[in-house]
Amino acid sequence: MTIRELRILPPFAIARLGSADEPQDNFTIVSDPNAPLGYRRIVPQPTLIVDDDSGAITGVRTPEKFEPRTGKHIRPVAPFLEVWARLEGDDHFQQLTTELLKANGLSAEDLAWTVRVANLKAERRTGDAGDRVEATVGPFSDHALHTLDGHSPNFLSADRVLVFGNVRFIRPTAAHPEIRLRFTPAKGLIYGPKLTAEEIKEMREADPSVHNLHIVPDELAVYDKSKGWWKFSIPPGVRNADPSIDKFYNETLPPALFAIIPPGPTWLNNNVAVSRGYLDDACDGTVEVALTLADGTRLSAVGRIVAAPPAVVPDALFVRTLADDLDQAIFGPDVPRTEDEAITRARAEEILRRGFETVRYLNVSVMNGNPVQGRDPLDIDTMPAEEAFDVYRSERPVFAPETVDTLAIMALHQRVYTALRAGAAPWFPVLLRKPEDVGDFTDIGRRKMPALMAGADGNYLALTRRQIDTVARAATRSFAMPEVDITIEADPDPALLVPRNATADESSARSARRAAELHYVAPGNPVSTRPVTSVGNCTPGLEVDFRFVWRRVFTGILLREYDNLVMTAEDPQHADLAMHRLLRVEYPAVEDSNLMRGFSTMTTQIGPNPYNAEQESVVLSIEANPNGVAPLEWSNLLARMLHERTGKTVTCYFTREKADLDNPAWEESKRQTYIQRTFVVRAFFEGDTAMISRELAQPGELTQGLCSPWQNDYRECSCYYWAAARPDFVNVEATPSGRSAGDNWFQKNHDGEYVPDDYVDDRLVLYDDLFNHWEKWLRFAIRGKTEAK
C-alpha cells in the first residue's frame, strides 16, 4: 500500500473566463448515430457542488439543460485537477483518497499545493522582463480560496495587482474522499495605464468615429505608463525579413496583435500600431502537489492550466485541435500498421465530421474572395486577400465564384464522408494538403483541403501528419472489412485511441498511458476544459499558441516561435548562433546506419505563372522576401524527429552569417559552408507523464503570443480562420434559389441579412464594443443558431 508515485489528471486543463458567480455546470457533447453529420447534442453531466464556506463538495446534481449564462454574465468554466497515485509493486494508478493517505500514516494536511501562472503577452512584444505579470500561491494545505494576484515590476506599485482568478484545495469528505484542486479563472477584465484627461482626449481625436472609447477604470489602472507597453510601437514600414530595414525587431506573426490607439486595424491604416497598454487576465501555468512520506521520501506531480476565452460554439469541434497535435507528439506521425482498421476508420470519420462542422460556420463565398454586395474583396480579410498583401500574388478567388456556397460545400463534405464510410474514397487523400506544401499558392495548391483557412506559419492550414495518415489508411481499407459501429466522441474511450497491441513493448505501453491520461475525463469537468475543444495550429490560436512549445526542442538554443531564427543560446557554447537561422536537420534513420533522414525548415512559395496560370508556376519572390521562402510550422516539421530521436542527437545546419534581417533558403551545393552543430532532442513530456515538459515552456509562455487583450483577437481576426471556435456564418438557411443566407456572427442585429466585415461598419461589433461589453457580444451558437434565435 506504500505510495511510490503521484500524477495530476488531467495533465492539461482549460479554464474559461466569465464574470458570473456560479461556474458552468458539467456537460459533454455526443454525436447522433442516426445522423453522424448532424449537430452534436449537448448532454448535461453530473456537476459537483462546492460549498463556498467550507470548500467541500456538498452534493452532485445533473442540470436539466445547458445554461452558459447567469443573467447577462457568462459562467466561468472552472476545472478540477485530481491527484492519482501508484502503489509499490503496481504498474497502475488509482485516485488518491484520504483512505489511501491514512493507510500510509498521512492525512490531507500533509499535501502541499503550489500554483504558478503568468501573462507574458506584453513582454513578448516589448522584450522588457519588467512587463512580465506573474502570480504564485503556495505551498498551501488548507481549503481556503487562494487568489492568484499577478504582480509586475512595471506596475504603479507593489500593491497594484492583476487578478488571475483563484485556486482551492477541495476539502475531502467521507462522501467525496478524493484529493482534488479547483482552478476558477478570472472575470475577463481589461487592465492598463491610468490616463490623464488630455491623453483620453488625444485617443478620442485619433478616430472620432469611435463613440464608445474604452477607458480603463481606476481600480484596474495598474500599469506605469512611463514604461514601454503604453504607446509601444514598431515602425510601420517594418516587415519581418525586410532587407530595407537595418534594425531587427522581434515582431510577432501576425504582427500588432494588441489593442491599439484608433484607428484599427493596422493593415488598413498604413500599418501604424500604437499600443493602448492593455493587459488581460488570461494566463497559463502549472499546478504542483507535493507529499512527504513517513520515511522522508518527497513525491510530487505537476499539471498545466490555461485560462482562455469562452467556447462560444459548445456543440462543435475544429478540424485540427490541440488534442490532434498532442496525440501526434505521443504517437508520432504514422498510424501503426497493426492498428485495427475499424478504429482507424472511426478516427478518420471523426476528422471529416470536424471538417464538416468547421465549414458549417464558414461563409465560404466570402472567404473565397467573391465580391460581396458590390464590395471589393480586398476590403475583406480573406485568404485571397492575405495572399495579395503577403506575397503580392494577384487577388483571385480560390474556387470559381459561381460554384462556391456554404450549403454546397457542406453537401460535398457529406458525399466525401459517405464515400469514406462505404470504403469508396481511395481518391480522397490526394485532396489533403501536405504540410510541406503550405506555400503552394497555385490554384491547385490553394484548393487542397482544408481550404480557406490559415495555419501557424501564416500560409494555408494543413492537418497533422497523423491525421493525414489516418485518413489515407481509412480511405484504402479492405472492402471485405465488416461494418463496425464505432464512433470517436469528444470524450473518447482511451481504448479507441491506441492500437490493441499497445502494451507489446515498453514504448507503446507508455504511449497508451499518456493518451489515456491526456484524454482523461475528470468528474465535474465540462468537455470545454479538454484539448479537443482548443484550436490547434492557427495564427496564433485562442486558448494557447502551440508554436511556443517547440522553441527549446534542441537543447541549448531558443528558436523563434514561428520561424527558424535562433533568438539566443541557453548554452554558452552555442552563443555564436544567436541571430543565425536553422536551415536543415539530419539524423540516422536507423541508429548506427549510413541511411540519413533529413528535412529543411523552409518551403518555397510558388504561385501561378501569369502567362500560363493553368500549367506553370513561378517562385513568389518579392523585395521583402527575395528568396521566396516561408517557414514550415514546427509541430508537423518536428513530429517524426521527436518520435525517433528524443534524448538522442541530431545534426543541425545554420547560416554562416547572422540572418535576422534576411530569410535565406537551404542550398545543397553550399552544405560545407554552413555552421554544423550537434544537439540533443529534448523530451516533449516530463518523464512518462502526459504533461508538456517545463523545459519546453514555463508559466505564461504558452499564451504569450496571443492578443492583448484577448478580446482583441475576435475583432482583429475578421478572417474566420477558426470557424467552429470563432464562427462567421450563423442562423444559416437555404433561400428559394438553394443558396445559403444567414448572419455574420459579429453583426449586432441577427436579422438574416449578412453584413461582410470591414472593421468600420457600425452594424458590426467593433473593437471598443468588445472591450466594454464582451459578454454581451460574444453570443453562444448552438445547433447553428445564436441565442437571440
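The values are calculated or read from the model by the stated rules, or taken from the named source; none is laboratory data. Predicted, not measured: the structure shown is a model, and the values here were computed from it. Don't worry about glycine lacking a Cβ; one is built from the backbone with ideal geometry, like all the others, and counts go over all protein chains shown. Quick note on the areas: whole protein, heavy atoms, side chains included, nothing else; ligands and nucleic acids left out. Shrake-Rupley method; radii C 1.70, N 1.55, O 1.52, S 1.80 Å.
At-a-glance table
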item: Of Leu463, Leu558, Ala308, farthest towards positive along the dipole that unit charges on Lys, Arg, Asp, Glu beta carbons give the chain; result: Leu463
item: Which of Pro631, Thr646, Met602, positive extreme of dipole for segment 573-703 (C-beta unit charges); result: Thr646
item: Span per principal axis, largest first, for the Cα atoms of the chain (Å); result: 81, 70, 65
item: Accessible area expressed per residue, the chain, with surrounding protein chains retained (probe 1.4 Å, Å²); result: 38
item: Value in Å of the Kirkwood radius, where segment 695-789 supplies the Cα pairs that are averaged; result: 14.7
item: Options Thr418, Gly445, Pro435, ranked by Cα towards positive dipole end of segment 410-456, top entry (Cβ charges); result: Thr418
item: Asp437 accessible area, 1.4 Å probe, all protein chains in place, Å² to nearest 10; result: 70
item: Given charges at beta-carbon only (K, R positive; D, E negative), |dipole| of the chain in Debye; result: 780
item: Gap separating the Cα centres of segment 315-343 and segment 513-545, nearest whole Å; result: 13
item: Simple Cβ-charge dipole of segment 553-680, Lys/Arg +1 and Asp/Glu -1, about Cα centre, in debye nearest 20; result: 320
item: All-pairs alpha carbon distance profile, segment 56-97, 5 Å steps from 0, percent; result: 5, 13, 12, 19, 14, 10, 11, 7, 5, 2, 1
item: Segment 553-680: relative contact order as a whole-number percent, Cα under 8 Å and 6+ apart; result: 26
item: Sum of side-chain charges, Leu595 neighbourhood, beta-carbon under 13 Å (Lys, Arg +1; Asp, Glu -1); result: -3
item: Local electrostatic count, Val585, Cβ distance below 12 Å [Lys/Arg +1, Asp/Glu -1]; result: +3
item: Summed side-chain charge close to Ala20 - residues other than Ala20 whose Cβ falls under 13 Å, Lys, Arg +1, Asp, Glu -1; result: 0
item: Antiparallel bridge percentage (DSSP; both residues within segment 537-685; nearest 5); result: 95
item: Percent accessible area from carbon and sulfur atoms, the chain, protein chains only, probe 1.4 Å; result: 51
item: Segment 553-680: radius of gyration and largest Cα-Cα distance (Dmax), Å; result: 16.1, 52
item: Distance from segment 413-446 to segment 118-175 (C-alpha centre basis), Å; result: 46
item: Alpha-carbon centroids, segment 715-789 and segment 1-72: separation in whole Å; result: 27
item: Heavy-atom accessible area ranking, 1.4 Å probe, most first, across Leu766, Leu279; result: Leu766, Leu279
item: Whole-angstrom Cα spans of segment 321-420 along principal axes, big to small; result: 54, 29, 18
item: Among 725-733, 384-392, the order from most to least packed when residues are scored by Cβ within 10 Å on average; result: 725-733, 384-392
